[in-house]
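Trainee: Have a look at the structure that comes next, please.
The values are calculated or read from the model by the stated rules, or taken from the named source; none is laboratory data. Small disclaimer: the values here were computed from a predicted structure and weren't measured. Don't worry about glycine lacking a Cβ; one is built from the backbone with ideal geometry, like all the others, and counts go over all protein chains shown. Surface accessibility is based on the protein's heavy atoms, side chains included, excluding ligands, DNA and RNA. Shrake-Rupley method; radii C 1.70, N 1.55, O 1.52, S 1.80 Å.
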Amino acid sequence: MPLHAEKQQPNEPERCACSGGCVTDTTSIQDVLPVAVSNASGHSSIFRIPAMDCPNEENDIRKALAGIAGIRSLRFELAARTLTIEGEQLALESGLQAIRQLGFEVLPIEHEQKTEMPSGLGEISKALIALALAIGAEALDFFAPDTLLFKSLGMALAAAAIAFSGFSTYRKGLAALRRGQLNMNALMGVAVTGAFLIGQWPEAAMVMALYAIAELIEARSVDQARNAIKGLLALAPETAEIRQGDGSWQEMPADKVAIGALARVKPGARIPLDGRVTAGSSAVNQAPVTGESIPVDKATGDPVFAGTINETGTLEFEVTAAANNTTLARIIHAVEAAQGTRAPTQRFVDRFAAIYTPAIFAVAVAVAVGGPWLFAWSWTQALYKALVLLVIACPCALVIATPVTVVSGLAAAARRGILIKGGVYLEEARKLRAIALDKTGTITEGKPRLVATEVLSAAEPESRILSWAASLAGHSDHPVSKAIATSLNLPENGLTDFTALPGRGIEARLDGHTLILGNHRLIEDRGLCSPEIEARLAVHENQGRTATLLATEGRVLAIFAVADTIKESSREAITDLHRLGVTSVMLTGDNVATATSIARQAGIDDARGNLLPEEKLAAIEELQGRYGPTAMTGDGINDAPALARADIGVAMGAAGTDTAMEAADVVIMNDDLRRIPETIRLSRQTHAVLWQNIALALGIKVVFLGLAVFGNATMWMAVFADMGASLLVVANGLRMLRTSAPQIKD
């Protein structure tokens, strides 16, 4: 069963305000990922749809493809304007034809140059030409004699302006009307056409030209938020210096480097690929990945990440990930995927907009029909007011109010080393009332050391017992086992029948014996505990040490006491969480005495020890019932079920296992718990800005709706009001990008 089976998975795309045709730099993670896969059951191909950058277009395409048999799945990446279609070849061809019938251009990715797209001068030029023609039409209407010649010339200029700026709007608006939908394109098309037909052709031309310019300005502003994380791609060099078979070094494209190759990076250069240091030492600035600008010392055996900066010495490293699967690439891909999800406020706005637009259209019809009867307006006046209402009714600012803010918040978090996997988690973090934390590697340094060794059996030589312990510990990736293996520093013997016992320890066959290396609970489960052993363990546990025991099937051979130290950042984080009104609870598989000691030092409210993975999961459910929304923070395999069950799962990414990172909703890339209260503050700030934007958008709409019906609002005013509201909410949302370390008064 998937780890997230019990948690709602947001998979619907965000909404934006653009109605299509916006131009943006299209470099994205898809440029470093495979673009098409074929298999026995069909094909999965990626296509770029340049005019698709809004959920309106996405919904249109979904409906067009819904009835085509053989299409199994669709994946939209609005930020990159790409669509992945998985299905049979014939179904793909039918699907592409259906998309083109909607008026969209479809380009196979593999046929595109891997370069930046044009800067959009074509669209800008058309909009400026349209504006000049509209100004000409207005000038003729105002200054020229009222003759058929000048009227005809003015109408021709107006029609040309509308053609230059409104072709895409009309095409998509007509397609929407044919499907019985009322989107922004349909409203604008009806309003402009109506104004032209009632003789307001100069104003119709000016409205369409201003609308086109407003769309371009708005699209560029929105792209600022969407592509905020995209700049990270430029951090990883395109080439890498790779050692050849004859010992020489040669520059080659990073995307051609194989895993296992030996690479070299000189001082001052960026590291091109993920790897593990094999020679040299240096300080590395890991800010692009972890958000921390303080350089980290690297030596043989330490990991390095693509895009980070080698500062002081030459490093040689073995490549451990391909260019399309580096930590940096995965961060970018995760944030782009997160941009395609919708937060609760976004879903509310989408539902509201679905009712709002038809309702305003109905009001406009009522004004056009009822105005002459109720207010003694002329039919032309009533129709004009109704057309103004249609322009004001465009839900542009309302729909854009949420995604710009959410995407900006996601990008701001990523820059701080906080990888949030969706807008829903960004927004819901503000509701957290309790947080459960694993101990080792989360609250503590996760780098314990062996502080005491007691050999209890004389049946075997001490050297053999220690050798057995080193062999078993060396085959485990648990920090406690690593500490034992490192401290003993003895050659490992060959093991057979190795078995990991999650939450307890490990078991294997060695020298004809079945050996276990595990915690107190494992020894009790095997019936090997005794009052003497209990007394020895109590001494260590009361000092906050973690006791690990080596035993055969019949007796305990040795006790190894390992001590870990609390991170200073953990104490600060717990204090900060308490200021935010969040209760802290430690859930650990370690013994109760050690858990209590560590919790007391860190200032944690509650500590629970001797927990198996399923017991951690049960504890999360109990905390949810007692406090409400609860987060779980951990870094191990045994934390994965609890991470998945929590309202928000937080994985400590730098030292975390892939399993924990996949199960989590938020990944802290630098293992610093202080990022959790930062996330909560960022969530609260995001929520505040979201509702500020909604209030701005609706407030401006309400004012101008009143002016349109009872005042003297014109179509010009309506366009400027709509554009102004959109730019206001975009600017307000983009403030989140400048939030490097959010500080909000509690």
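Trainee: Within 30 Å of ASP590 (Cβ to Cβ), out of contact with any Ser or Thr (no Cβ under 7 Å at 6 or more places or on another chain), of a type in the set (A, V, I, L, M) and modelled with pLDDT of 80 or more: which single residue out of ALA655, ALA642 fits that description?
Mentor: Values: ALA655 fails: modelled with pLDDT of 80 or more.
Exactly one residue qualifies, and that residue is ALA642.
Trainee: Could you check segment 538-567 and list, in sequence order, the residues that are among the β-branched types (Val, Ile, Thr) and open to solvent by less than 10 Å² (accessible area, probe 1.4 Å)? Explain how you work it out, then say what you get.
Mentor: Narrowing segment 538-567 to residues among the β-branched types (Val, Ile, Thr): 539, 546, 548, 552, 556, 559, 562, 565-566.
Result: ILE559, VAL562.
Trainee: So which helices (runs of 4 or more DSSP H) stay within segment 576-655 end to end and still have 3 or more residues that are surrounded by fewer than 19 Cβ atoms within 10 Å (Cβ to Cβ)? Write out each step before concluding.
Mentor: Details: elements: 592-602, 613-627, 640-645.
Result: 592-602, 613-627.
Trainee: Let me ask something else. Say we look at segment 500-511 and pick out the residues that are open to solvent by 60 Å² or more (accessible area, probe 1.4 Å) and not basic (Lys, Arg); which of these is farthest from LEU537 (Cα to Cα)?
Mentor: Quick first cut of segment 500-511, residues open to solvent by 60 Å² or more (accessible area, probe 1.4 Å) only: 500, 502, 504, 509, 511.
Filter once more, so that each one left must be not basic (Lys, Arg): 500, 502, 511.
Details: ALA500: 23, PRO502: 21, ASP511: 27 Å.
Ranking the candidates gives ASP511 first.
Trainee: Which condition does SER457 not pass, out of (1) crowded, with 20+ Cβ neighbours inside 10 Å; (2) in a loop (DSSP other than H, G, I, E, B); (3) hydroxyl-bearing (Ser, Thr, Tyr), if it passes all the others?
Mentor: For SER457, the exception is condition (1).
Trainee: Also: Taking the condition of being part of a loop (DSSP other than H, G, I, E, B) and in contact (Cβ under 8 Å) with a residue 40 or more places away in the chain, how many residues in segment 494-539 meet it? Full working, then the answer.
Mentor: Of the residues in segment 494-539, the ones part of a loop (DSSP other than H, G, I, E, B) are 494-495, 502-504, 511-512, 519, 526-530.
Still in the list and also in contact (Cβ under 8 Å) with a residue 40 or more places away in the chain: 502-504, 511, 519.
Of the residues in segment 494-539, 5 are part of a loop (DSSP other than H, G, I, E, B) and in contact (Cβ under 8 Å) with a residue 40 or more places away in the chain.
Trainee: Looking at segment 508-522, is at least one residue on the phi > 0 side of the Ramachandran plot, of a type in the set (D, E, K, R) and at pLDDT below 90?
Mentor: Yes, because at least one residue in segment 508-522 is on the phi > 0 side of the Ramachandran plot, of a type in the set (D, E, K, R) and at pLDDT below 90.
Trainee: Here's another thing I want to ask about it. How many residues, within segment 319-343, are modelled with pLDDT under 70 and of a type outside the set (A, V, I, L, M)?
Mentor: Result for segment 319-343: 6.
Trainee: Take residues that are modelled with pLDDT of 80 or more, touching a Phe, Trp or Tyr at 6+ places or on another chain (Cβ under 8 Å) and open to solvent by 30 Å² or more (accessible area, probe 1.4 Å) and tell me which of the helices (runs of 4 or more DSSP H) falling wholly in segment 134-229 contain 2 or more.
Mentor: Working: elements: 148-178, 184-197, 201-226.
By residue number, 148-178.
Trainee: If only one of SER487, SER471 is assigned to a helix (DSSP H, G or I) and open to solvent by 50 Å² or more (accessible area, probe 1.4 Å), which one is it? Please lay out each step first, then the result.
Mentor: Values: SER471 fails: open to solvent by 50 Å² or more (accessible area, probe 1.4 Å).
Being assigned to a helix (DSSP H, G or I) and open to solvent by 50 Å² or more (accessible area, probe 1.4 Å) holds for just one of SER487, SER471, which is SER487.
Trainee: Touching a Pro at 6+ places or on another chain (Cβ under 8 Å) and either at pLDDT 85 or above or within 30 Å of VAL391 (Cβ to Cβ) (or both): is that true of PHE76 in this structure? If you could, list the steps in order and put the result at the bottom.
Mentor: Working: touching a Pro at 6+ places or on another chain (Cβ under 8 Å): yes; either at pLDDT 85 or above or within 30 Å of VAL391 (Cβ to Cβ) (or both): yes.
Spelling it out, PHE76 is indeed touching a Pro at 6+ places or on another chain (Cβ under 8 Å) and either at pLDDT 85 or above or within 30 Å of VAL391 (Cβ to Cβ) (or both).
Trainee: Out of all the residues in segment 463-516, which are over 16 Å from PHE560 (Cα atoms) and of a type in the set (Lys, Arg)?
Mentor: Correct list: ARG509 only.
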